Amino acid sequence: MSSDPVQMLIDAGAFPDNTFAPNSRYHGTAIGRLKRSADDPGVAYVLRRFIPQARDVGIAGEHIVNAGERPDTLASATLGDPELYWRLADANVVTDPFELTDTPGGRVQIPRPNGL
């Protein structure tokens, strides 16, 4: 058990162990702790986030890419939040979000809001 009072509060559940914002791709992802020994407070890290399968992402529509668009501006226009660009990447099965807007005239699947 830790003698650090803040760590003791965290261990007791007084603070959430995942403080990522609701629009973060890591929201709801578990936090791990790497320890060298039982007395070591350890270092926190984010556990692996699994990208949803394309078949599991509901699609609301499609967007034709215009010259000069970026993933963040597209997310802002279609999802209402530029920081949700990662949802566009997940829905289109790309790891580099800039692939979404690299080609004017390309098609981008727009995911449904979460829960729909």
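All of the numbers you see were taken from the coordinates with simple rules; none came from a lab. Here the structure is a predicted model, which means the values were calculated and not measured. Using ideal geometry, Cβ is built from the backbone for each residue, glycine included, and neighbour counts are taken over all protein chains shown.
Observations
- Within region 23-116, the chymotrypsin sites (Phe, Trp or Tyr not before Pro) that combine a DSSP coil assignment with at most 14 other C-beta atoms in a 10 angstrom radius are Phe50.
- Net lengthening on full extension, Val46/Gln7 (0.36 nm per residue, minus Cα-Cα): 12.3 nm
- Candidates Asp40, Asp72, Asp81: whichever shows maximal mean-square fluctuation once the chain is modelled as a Gaussian network with Cα springs under 10 Å: Asp40
- Prolate/oblate/rounded call for region 54-111, Cα gyration tensor, a/c under 1.5 rounded: rounded
- Multiplying the residue separation of Thr29 and Asp96 by 0.36 nm and subtracting their alpha-carbon distance yields 22.1 nm.
- In this rough spin-label picture, where each label sits 7 Å from Cα along the Cβ direction, the Gln53-Val65 distance is 2.7 nm.
- Residue of Ala38, Ala67, Ala75 that the Gaussian network model of the chain assigns the largest fluctuation, springs spanning Cα pairs under 10 Å: Ala38
- In this Cβ point-charge picture (+1 for Lys and Arg, -1 for Asp and Glu), region 54-111 has a dipole of about 180 debye about its Cα centre.
- Annotation: amide H of Arg49 has no partner in the under-5 Å range at sequence separation 5 or more or interchain, hydrogens built in the peptide plane.
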